[in-house]
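> One structure, as structure tokens, below. Some questions next.
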């Protein structure tokens, strides 16, 4: 083995300590692997909480959509009026301590490459903490650090504020303003409804008519939605989020917002002007701010040296394994990019990795 000086060996490296990474770490530990000896968890965030720690203060725990507890420990007694960043951050902190997961943070992973092509060769994980040589990798880096910024003609001339959900800190900064909210997902609707309470006026713009969902989202609907995303990653196509195929759950608050004229969708504008947006038919909307609730993309650039992508632009998957390198597992990616999906993927990845480690020879 031709490691550089200071390279540390581990059976498994887990990158990311959000829901998916902690679920994988929990199941690895449950299978008998020791934290900081057999596996190491690297997280770039300054503290526990995954992407939740960066959510806006007005997203209280009671307004969180579809948060499932981590495996092995329920989240109980939380005040629904407290910010979700605090509630879930404290929960993650307690979880890491309870199970002794010993997350290394803040550690930034810059690249993962192959040591060689021989049986038993390891994956080399380059990080701000140094180099790790692993027999298997769990990538659980999520999407929060890669907000999707679509480009619109004329946006560089806009004299107002153009921001993304990732930089949203609550409605108070839009008091008295005219605001355009772009996006058809849950976050866009949440932003729109709370901004409308303080803004002079709002406009809601989406590329496609939003699909509202009436009635409960039962297990059968959930399986069907996940299957659609799974089919894309099996084909090596870029994943769509599970939320994008489930539709928007219609709530009483949303019905009231629609009655007040807030939740009324407009088609996508043609361009951004100096003082707002303009449609192809010549109609315009003057705006002080444009908020892009346009989603996020998977954070996987550090995996580029492994050449995992297919011609379709995505990474072909078999369960949580990448087809091009079965040592590499993606959790919280594609069909597992929900909290309950992340839990299941973490368990599946841990079990598959145990089989791999027991089957593959160790390089000496």
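Every read-out reported here was derived from the displayed coordinates using simple, explicitly stated rules and does not represent laboratory data. Source: prediction; values computed, not measured. As a convention, Cβ positions derive from the backbone with ideal geometry for all residues, glycine included, and neighbour counts pool all protein chains shown.
> Take 137, 306 and order them by how many other Cβ atoms sit within 10 Å, fewest up front.
Working: 137 27, 306 21.
Ranked by crowding around the Cβ, least crowded first: 306, 137.
> For the range 269-339, what's the relative contact order in percent, using C-alpha pairs closer than 8 Å and at least 6 residues apart? Please list the in-between numbers first.
On the way: 55 pairs, mean separation 9.4, N = 71.
Relative contact order for the range 269-339 comes out at 13 percent.
> What number do you get for the range 1-102 when its Cα radius of gyration is normalised by 2.2 N^0.38 Å, N = residues? Provide the component values of the computation, followed by the final result.
Values: Rg = 15.6 Å, N = 102, 2.2 N^0.38 = 12.8 Å.
Computed over Cα atoms of the range 1-102, the ratio equals 1.22.
> What whole-number distance in Å separates the alpha-carbon centres of the range 310-348 and the range 24-46?
When both Cα centres are located, 18 Å separates them.
> Would you mind ranking 70, 308 so that the residue whose beta carbon has the fewest other beta carbons within 10 Å leads the list?
The fewest-first ordering by Cβ neighbours comes to 308, 70.
> If you take every DSSP beta bridge fully contained in the chain, what fraction is antiparallel? Give it as a percent rounded to 5. Mind dumping the intermediate values first?
On the way: 23 of 57 bridges.
Expressed as a percentage, antiparallel bridges in the chain total about 40.
> Remind me, relative contact order of the chain in percent, using alpha carbon pairs under 8 angstrom and six or more residues apart? Each step should come with its number before you reach the end.
Numbers: 753 pairs, mean separation 85.2, N = 364.
This gives 23 percent for the chain.
> So if we plug the beta-carbon distance of residue 260 and residue 186 into 1/(1 + (r/R0)^6) with R0 = 22 Å, what FRET efficiency do we get, rounded to 0.05? Present the calculation step by step, with values, prior to reporting the outcome.
Details: r = 19 Å, r/R0 = 0.87.
After rounding to 0.05, the efficiency reads 0.70.
> Starting from the 7 Å offset along Cα-to-Cβ, what nm value, one decimal, do you get for the label separation of residue 301 and residue 340?
Distance between label points: 3.4 nm.
> Where does the Debye-calculated log10 I(q)/I(0) of the chain sit at q = 0.06 Å⁻¹, using only Cα point scatterers of equal weight, no solvent?
-0.25
> Give me the orientation-averaged projected area of the Cα convex hull of the range 36-175, in nm², one decimal. Before the final figure, lay out each step's value.
Working: hull surface 50.9 nm².
In nm², the orientation-averaged hull projection of the range 36-175 is 12.7.
> Per DSSP helix of 4 or more residues, -39500 (n - 2.57); summed, then divided by the residues of the chain. What does that give at 222 nm, rounded to the nearest 500?
Numbers: 7 runs with 87 residues, N = 364.
Result for the chain, helices only: -7500 deg cm²/dmol.
> Please determine, in degrees from 0 to 90 and to the nearest 10, the orientation of helix 219-234 with respect to the longest principal axis defined by the Cα atoms of the chain, where the helix direction is its Cα long axis.
70
> Taking Cα pairs under 8 Å and at least six residues apart, what relative contact order does the range 113-167 come out at, in percent?
With pairs under 8 Å counted, the relative contact order is 20 percent.
> Further question on the same structure: If you line up the long axis of helix 339-359 against the longest principal axis of the chain, both from Cα atoms, how many degrees apart are they, to the nearest 10?
Compared with the principal axis, the helix lies near 20 degrees.
> Another question, then. Return one number: the angle in degrees, 0 to 90 and rounded to the nearest 10, between the long axis of the Cα atoms of helix 84-98 and the longest principal axis of the Cα atoms of the chain.
10
> Can you give the extra length, in nm with one decimal, that the chain gains between residue 64 and residue 284 once fully stretched, where that is 0.36 nm per residue apart less the Cα-Cα distance?
Numbers: separation 220, 0.36 × 220 = 79.20 nm, distance 3.40 nm.
Gain in length upon complete extension: 75.8 nm.
> In the Gaussian network model of the chain, springs joining C-alpha atoms below 10 Å, which of 32, 346, 295 carries the largest mean-square fluctuation?
With Cα springs under 10 Å in the chain, the top fluctuation among 32, 346, 295 is at 32.
> Could you please rank 252, 325, placing first whichever residue has the fewest other Cβ atoms within 10 Å of its Cβ?
Numbers: 252 7, 325 18.
By the 10 Å Cβ count, ascending, the order reads 252, 325.
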